[in-house]
1. May I ask you to list the residues in segment 24-61 that are in a strand (DSSP E or B), among the polar types (S, T, N, Q) and in contact (Cβ under 8 Å) with a residue 60 or more places away in the chain?
2. Restricting attention to segment 1-26, which residues are farther than 13 Å from residue 77 by Cα and at pLDDT 95 or above?
3. Tell me which residues, restricted to segment 229-283, are hydrophobic (A, V, I, L, M, F, W, C) and under 21 Å from residue 215 (Cβ atoms).
4. Within segment 71-82, can you find the residues that are over 14 Å from residue 30 (Cα atoms) and either outside the structural domain of residue 138 (by TED's automatic domain parsing) or not in a helix (DSSP H, G or I) (or both)?
5. Working only within segment 120-142, note down all residues that are more than 18 Å from the chain's Cα centre (by Cα) and closer than 16 Å to residue 63 by Cβ.
6. Right, residue 203: surrounded by 18 or more Cβ atoms within 10 Å (Cβ to Cβ), free of Cβ contacts under 8 Å to residues at least 24 places away in the same chain and more than 12 Å from the chain's Cα centre (by Cα) or not?
7. Checking the conditions here, which among 82, 72, 131 is modelled with pLDDT of 95 or more, more than 30 Å from residue 19 (Cβ to Cβ) and of a type in the set (Val, Ile, Thr)?
Amino acid sequence: METGQKHLQTSNTDLHTHKDLSIQIHLNGLSFCILNNSSLTIEYLHAKTFDKAYTPEMTLDALISHLKSEDVFSQPFNEIRVTHQSDLATLVPEELFDENKLNDYLKFNTKILETDYLTFDLNESLRIHTVYIPYVNINNQLLEEFGSFDYYHAYSTLTNAFLKLPKSKEAFLHLYIHVNKGHFEFIVFDAAKQLVFCNSFEYQTKEDFIYYILFVFEQLKLDKEKDVLHITGEIDENTALYKILFKYIRFVSFIEIDEIYKFDDALKDINKHHHFLILNSFN
């Protein structure tokens with residue numbers, strides 16, 4: 001991945017293996033994926049959704065429990081990638097970025113504690129830095145568990161993945177929504193593939209969900225009758241979220257998952273777009 005992820009390592013983990021592990025962290029749930037690079041096969045894919053929003057401490061306990069419950073995590077991995085998915089983040093254009101001013105960028109979005117650790121990713125294609133607060137307690141545990149891994153924010157993965165999707169030459173703006181339980185990311189590119197908008201929103205009801213989407217449409221002067229809204233994540237045509245979305249937005253289109261990988265027989269029937277973020281974390 002070209003985004004500038006950080007590398008944590010406590011020991012020499014140069015083991016000869018052809019498998020990568022990706023872990024997605026959110027206070028509403030966890031996802032795990034194992035890719036066999038030799039055969040380009042997804043061998044393991046599991047999403048664990050919490051019944052309510054957890055604290056970072058509760059999320060850590062859930063992570064430890066799942067890692068201990070599955071033998072697949074005891075094997076060596078070539079690379080381990082961790083995605084921190086939260087709204088404790090903001091984007092800064094490269095020309096305005098100063099590594100010594102991370103607090104200044106983020107203080108308008110969230111309350112920063114003295115003990116908070118701030119870091120950033122660089123998306124070289126977009127020339128944008130994602131400044132964010134990672135879940136340090138989880139990083140520390142994974143460092144103890146695996147000895148070495150890379151980590152980055154979900155904005156980095158999603159902007160990179162959406163940027164690679166085919167773009168209609170007729171569209172002035174390209175609109176993408178990635179849905180998870182209780183929150184979603186809304187990302188917009190212009191015709192020149194420059195980032196116009198990127199933000200995440202928390203919701204509890206379908207009314208919350210559509211309110212924030214219509215708010216963005218209004219702020220960006222988008223046309224509900226003409227602009228196409230591309231969606232992915234934990235949403236299907238039979239869900240209340242999709243139905244209310246289609247009620248107000250005329251053109252709603254599911255993002256087709258690029259068939260880069262094969263899937264183990266046990267995973268043949270999964271809805272791949274439900275796992276859009278973690279499946280794109282290997283690219």
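The values are calculated or read from the model by the stated rules, or taken from the named source; none is laboratory data. Source: prediction; values computed, not measured. A quick note on method: Cβ atoms are made from the backbone with ideal geometry, for glycine too, and the neighbour counts reach across all protein chains shown.
1. The answer is 24, 31, 41, 49.
2. Step one: list which residues in segment 1-26 are farther than 13 Å from residue 77 by Cα, which gives 1-11, 24-26.
The answer is 24, 25, 26.
3. We begin by selecting, within segment 229-283, every residue hydrophobic (A, V, I, L, M, F, W, C); these are 229, 231, 235, 240-241, 244-246, 249, 251-252, 254-255, 257, 260, 263, 266-267, 270, 276-279, 282.
Across segment 229-283, the qualifying residues are 229, 231, 235, 240, 241, 244, 245, 246, 249, 251, 252.
4. Applying the first criterion (over 14 Å from residue 30 (Cα atoms)) to segment 71-82 yields 71-80.
Matches in segment 71-82: 75, 76, 77, 78, 79, 80.
5. Step one: filter segment 120-142 for residues more than 18 Å from the chain's Cα centre (by Cα), giving 127, 137, 140-142.
Listed by number, the residues that qualify are 137, 140, 141, 142.
6. Working: surrounded by 18 or more Cβ atoms within 10 Å (Cβ to Cβ): yes; free of Cβ contacts under 8 Å to residues at least 24 places away in the same chain: yes; more than 12 Å from the chain's Cα centre (by Cα): yes.
Taking the combined requirement at face value, the residue satisfies it.
7. Numbers: 82 fails: more than 30 Å from residue 19 (Cβ to Cβ); 72 fails: more than 30 Å from residue 19 (Cβ to Cβ).
Going through 82, 72, 131 in turn, just one is modelled with pLDDT of 95 or more, more than 30 Å from residue 19 (Cβ to Cβ) and of a type in the set (Val, Ile, Thr): 131.
Rundown of residues vs (1) at pLDDT 95 or above; (2) more than 17 Å from the chain's Cα centre (by Cα), yes/no style:
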position	(1), (2)
112	no, yes
144	no, yes
179	yes, no
182	no, no
195	yes, no
